[in-house]
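Asker: Quick one: the structure is below, and I'll ask about it shortly.
The values are calculated or read from the model by the stated rules, or taken from the named source; none is laboratory data. The shown structure was predicted, so the numbers you read here are calculated from the model rather than taken from an experiment. Cβ atoms come from the backbone with ideal geometry, glycine included; neighbour counts cover every protein chain shown. Remember, those area values only see protein heavy atoms, side chains included, never the ligands or the DNA or RNA. Shrake-Rupley method; radii C 1.70, N 1.55, O 1.52, S 1.80 Å.
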Amino acid sequence: MRLFLSPFRFLSVSGKPNIEFWFTQCIILASTVLGVYLASFAGFRIAVDFDRYQSLSDVSYLEKSLEAEFVDNIERVEQWIAEYPEAPMKWHARELTPEATHRLDDMVWSTMRYSPRTFEVHPEIITGVRRFYTGIEAQMTSLFQQQSANGYSRRAIENMKQQVAAARNDILPKLRGEIETLDAELAEMMD
């Protein structure tokens with residue numbers, strides 16, 4: 001019998017089998033493994049939540065900056081449209097007013113080209129803002145190419161009015177709605 005039990009000598013402490021000792025060691029080992037697993041799972045979840053919060057926060061700030069710049073540019077174009085009938089030669093005589101004074105601010109829009117968060121902004125907003133900037137620049141070029149206030153310049157002003165109206169009625173509400181949605185998600189994540 002002794003030969004049969006000799007391979008299991010490691011189970012005995014001081015010559016007697018000590019089942020309680022090995023049972024507690026197994027429990028400690030199992031609880032350690034379970035504890036490490038649960039802690040790593042909780043840490044992973046916190047890391048994922050933090051990354052999502054950081055992403056939403058970055059996109060929210062990007063959209064708020066874009067909204068501020070976009071509103072300023074809409075107001076600037078409205079001011080140009082209102083001033084045009086009073087002094088059209090400012091637009092057609094390069095020596096009176098250079099084209100550089102009639103440029104839209106596009107620092108945020110230009111910077112968005114290099115931001116990894118740009119494509120997290122809703123595509124309709126990006127497309128609408130891009131079309132607004134491109135359309136206004138095209139109309140401005142048309143105005144500056146004319147020698148006097150004529151049918152082409154009046155058509156350019158009308159096109160600018162339509163683009164401003166579309167920007168105010170379509171793009172700006174979507175942008176503001178997106179900002180509100182992101183702010184609500186961020187507030188929910190903070191709770």
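Asker: Working with all protein chains in place, sort VAL36, VAL108 by solvent-accessible area computed with a 1.4 Å probe, largest first.
Answerer: I get VAL36, VAL108, largest accessible area first.
Asker: Continuing with the same structure: Quick one: 3J(HN,Hα) in Hz for the stretch 158-163, Karplus 6.51/-1.76/1.60 with θ = phi - 60°, rounded, Gly and Pro as x.
Answerer: With coefficients 6.51, -1.76 and 1.60, one gets 5, 4, 5, 4, 5, 5 Hz.
Asker: Next question. Can you figure out the FRET efficiency of GLU185 with ASP72, using R₀ = 25 Å and their beta-carbon distance, to the nearest 0.05?
Answerer: Efficiency computed from Cβ-Cβ geometry: 0.40.
Asker: What's the whole-number percent of alpha carbon pairs in the stretch 14-61 lying beyond 12 angstrom?
Answerer: Cα-Cα pairs in the stretch 14-61 separated by more than 12 Å: 73 percent.
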